[in-house]
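> Sharing a structure with you now.
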Amino acid sequence: MTGYVTHADLGGARGHGPVVPEPEGERFHAAWEPRALAVTLAMGATGAWNIDMSRAARETLPGYARLSYYEVWIHALEVLLRERGMLAADELAAGHALHPPVPVPRLLHAADVPAVLAAGSPTERPVTRAPRYAVGQGVRLRAAPGPHHTRLPRA
């Protein structure tokens with residue numbers, strides 16, 4: 001099994017320098033960043049992919065370490081759109097649509113955004129099998145990359 005190569009799980013990794021806190025409430029650093037967030041959330045609301053697919057697209061970007069926070073989001077959105085045939089290379093180069101749109105399962109209309117954001121998204125998944133471990137049971141973790149996103153510290 002090939003390990004899931006993520007550039008975001010930095011727990012225990014050295015060499016990234018100190019964390020420099022930003023002023024509380026400072027959300028954006030450039031005028032394009034709110035639009036990048038908006039289009040990413042709107043496309044996520046279509047149901048064309050799920051949160052795990054979105055996370056994987058962000059965390060496995062080859063240039064992750066050199067990208068700003070919202071550059072990661074917009075580049076991952078490009079990956080997700082290309083994978084589903086919703087964005088072609090010629091459209092990306094042109095900066096606008098050149099092909100008919102691909103139908104999506106749902107649409108998020110501007111008037112619905114405040115209510116959708118206030119409601120949030122479900123975080124629970126249905127249980128399809130009995131848990132492998134009981135609450136409080138001791139477990140031993142593998143010190144190797146896993147096949148998916150994890151918050152385990154690196155070895």
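The values are calculated or read from the model by the stated rules, or taken from the named source; none is laboratory data. Not measured: the values here are computed from a predicted model. Here the Cβ positions follow ideal geometry from the backbone for every residue, glycine too, while neighbour counts run over all protein chains shown. Ligands, DNA and RNA are stripped out before the accessible areas are found, and what is left, the full protein with its side chains, is counted by its heavy atoms. Shrake-Rupley method; radii C 1.70, N 1.55, O 1.52, S 1.80 Å.
> Tell me which residues, restricted to segment 54-66, are free of Cβ contacts under 8 Å to residues at least 40 places away in the same chain and of a type in the set (S, T, Y).
Once the filter is applied, which keeps residues that are free of Cβ contacts under 8 Å to residues at least 40 places away in the same chain and of a type in the set (S, T, Y), segment 54-66 yields only S54.
> When H16 is evaluated against the numbered criteria (1) modelled with pLDDT under 85; (2) within 28 Å of V116 (Cβ to Cβ), which criterion, by number, is the only one it fails?
(2)
> Oh, and also: Does A48 qualify as being in contact with a helix residue (DSSP H, G or I) (Cβ under 7 Å, 6 or more places away or on another chain) and either in a loop (DSSP other than H, G, I, E, B) or not aromatic (F, W, Y) (or both)?
No; evaluated as a whole, the condition is false for this residue.
> Another question, then. If you check T60 against the conditions, is it within 10 Å of the chain's Cα centre (by Cα), closer than 17 Å to E83 by Cβ and among the β-branched types (V, I, T)?
Yes, satisfied.
> Check H109, H75, H149 and return the single one that is open to solvent by 40 Å² or more (accessible area, probe 1.4 Å), at pLDDT below 95 and within 15 Å of the chain's Cα centre (by Cα).
The match here is H149.
> Go through (1) open to solvent by 80 Å² or more (accessible area, probe 1.4 Å); (2) within 21 Å of T6 (Cβ to Cβ); (3) of a type in the set (V, I, T); (4) at pLDDT 90 or above one by one and return the number of the condition T128 breaks.
(2)
> Another question, if that's okay. Would you check which residues across segment 51-66 are open to solvent by 20 Å² or more (accessible area, probe 1.4 Å) and outside any helix (DSSP H, G or I) and list them?
T60, P62
> May I pose another question? When both residues are 6+ apart or on different chains and their Cβ atoms are under 6 Å apart, which pairs have a first residue that lies in segment 16-44 and is aromatic (F, W, Y), and a second that is surrounded by 13 or more Cβ atoms within 10 Å (Cβ to Cβ) and part of a loop (DSSP other than H, G, I, E, B)?
Partner pairs satisfying both residue conditions: none exist.
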